[in-house]
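Contents: one structure, followed by commentary.
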Amino acid sequence: VARLLFSTDLDVIGLYDKPLARNSQLWTHDYRLLLDGPRANSFEIMQAEKSALEGGLFGYRFFYPPMQVGQFEVYWHRPLIAWQPYCSNEISFMTRELTGYFTANHRQPHSSEPVVELWPRMQRRELYLSAIHDFHTPHDHYAHQTAYNILALLDSWMRQDGKPLKRSFAHRLLNLSKHRSIEQWLEDLPVHARTPEAGERMRTELEKIIESPKEAALPEPLTYMTTASRSFEENWWNDIRFLAHGEFLNKDNADCILDEATQKMIIHTNRDLEPLGEYLISRHRKAIAEAGMEGKAFCGELPFEWSTDFEYSAFGGWKRNREGKAHERNILVVIPGRNRKEAIMMGDHYDTAYMEDIYEKERGGTGARLSANGADDNYSATVTLLHAAPVFLKMAKEGKLERDIWLIHLTGEEFPSDCLGARNFCQMALEKRLLLHLENEQTMDLSATEVKGVYVMDMIGHNRDNDHDIFQISPGKGTSSLKIAYQAHLANEIWNAHTRHWNLMPERRNLQQGKRSSDGWKIPAMAHHLALCGEVRTRFNPHSSIFNTDGQIFSDVGIPVVLFMENYDINRSGYHDTKDTMENIDLDYGAALAAIAIESVARAASLPDLSFE
């Protein structure tokens, strides 16, 4: 337990773990609180570690602090009943039948204020309960997925003030194939419900919240005249190849690890995030100059220190931070719109992960921590920002942006830094301390600008073999996240509608779907433009990956966010390993997804009002 709570030994923390003292409470044998992790400072954690290592009898529990609402701590008291049925090896749980209750306790210690009891109040709550009870069965995959789909539909509908959902948007919320209509799905509901009556009731309710089959014509595209081109595809590919396979090698924030296994294998001992960041800044400043937007658009850095509760002296990057020899930084491009008080952000992360197959000894590894090439994770996204900049700068110069566009290269998404850049940005934005550092020690205060939405891209270049031509549009919590997800959905619909025309043009006519490069260096031959299925995966969808990205940080602090990601398969070859290379990039798929992401941001930044219309 002591190792789990306090140890920073490399063998203990592995690739993805950290000390859990912050999420723990520890007592002495006489019930004296030795550690209150969520509220402790670094010194108190060190003192608790010292006491634990001296030996004794201790009590502990893992504890996550309650939600703070003004002067109150809100708890959900929800009972969990588990038992092992007679003659069975399976454990049964009772959770949904016992929803519990909420209380609000005064935050002040020893307060005489009474506990306030809060009962959950949920609009049309009976529909939620019906969806869970009547369709969620443990052994029926279809019914299980149907329950999630119904919850996504109902939640989305309630978030737009009860107006009927746009039909195409509802189709993507249901994650239906293009060959399966909403009517067919509704017809099947009674069959897969626990009782036909429940299915009929749900179908009647759902028919009321989905728009009739006739929908308005799609808007004209804003950016596809640039991005739906062979030159865009080639430049996108070549830039990924340069970032993944060029001079930048040590691209994790912790680089270089100072243990013997790593030191034996690294080619050089410098962290390459610094020169990589300079390269990104130079590219953006060149784009600003070429667009004639100098003095109006800006590119700089948002610097910060890597501060932790524990000492990570084996992490070269962390150690240089503590010694004052290095710092962390997000890189930000500010492109002006008419309303300088609002901004739409488009982001990636430009660090890469350690390769599991190099590290894990059971897979033939040596225990060394070496940074992945990162072709897909995440230079497929980083390069998209590089190519988005000229598009948005041109729109800004022509006066087509209603609000600012900010392009942000976030640092430290991967372990062990763990969304470091996203956390720092959100903190600075909420505290109104957002200060962009420019050339010649100049600064630009951005604190008065409200971020109206963030589109985060993470891994957008790999087309899954067993479930292809699909990507995810995964919104965070709240109505505003769903609204910018709707703009992404429209961008996807506009792209798909135009692929039919583009593929009839002479250069694309009679071409087939593209193939991956056999050696990773030669650019794949031109293929037809892919029509992609952007599934809108809300928080009810178990296949949403937003929780595993920087997007979760924005969602947690209430900033509207949408994740663009490929149809993620954590078990595939090419994820956090030696094969995250150009051989895993699908050019026709990734370039199409990049173009859709750029169009989404352009739409959200150019509309006077972000809505479901």
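Read-outs: derived from the displayed coordinates by stated rules, not from any lab. Just so we're clear, the structure is a prediction, and the values are computed from it rather than from any experiment. Virtual Cβ from ideal backbone geometry, glycine too; neighbours counted across all protein chains shown.
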Highest average packing first - 564-573, 48-57, Cβ atoms within 10 Å
564-573, 48-57
Would you mind working out the magnitude of the charge dipole of the chain relative to its Cα centre, with +1 at each Lys and Arg C-beta and -1 at each Asp and Glu C-beta, to the nearest 20 Debye?
1340
Which ³J(HN,Hα) values in Hz, rounded to whole numbers, follow from the phi angles of the stretch 550-564 under the Karplus curve 6.51 cos²θ - 1.76 cosθ + 1.60, where θ = phi - 60° and Gly and Pro get x?
4, x, 4, 5, 4, 4, 4, 9, x, 8, x, 8, 9, 9, 9
So what is the relative contact order for the chain, in percent, with contacts set as C-alpha pairs under 8 Å and at least six apart?
14
Report the one residue of VAL12, HIS77, SER177 whose Cα lies farthest in the direction of the positive end of the charge dipole of the chain (charges on C-beta: Lys and Arg +1, Asp and Glu -1; origin at the Cα centre).
SER177
Burial order of peptide ranges 454-462, 580-588 (average beta-carbon count within 10 Å, highest first)
454-462, 580-588
Relative contact order for the stretch 2-46, counting Cα pairs under 8 Å that sit 6 or more residues apart, in percent
27
Where does the chain land at 222 nm, in deg cm²/dmol rounded to the nearest 500, when only DSSP H runs of n ≥ 4 count, each adding -39500 (n - 2.57), divided by all residues?
-11000 deg cm²/dmol
What is the ratio of the Cα radius of gyration of the stretch 200-253 to 2.2 N^0.38 Å, with N the residue count, to two decimals?
2.29
Packing-based order for 520-531, 65-76, using average beta carbon neighbours within 10 Å, highest first
520-531, 65-76
Rounded to one decimal in Å, the inverse mean reciprocal Cα-Cα distance for the stretch 358-425, i.e. its Kirkwood radius, is 15.0
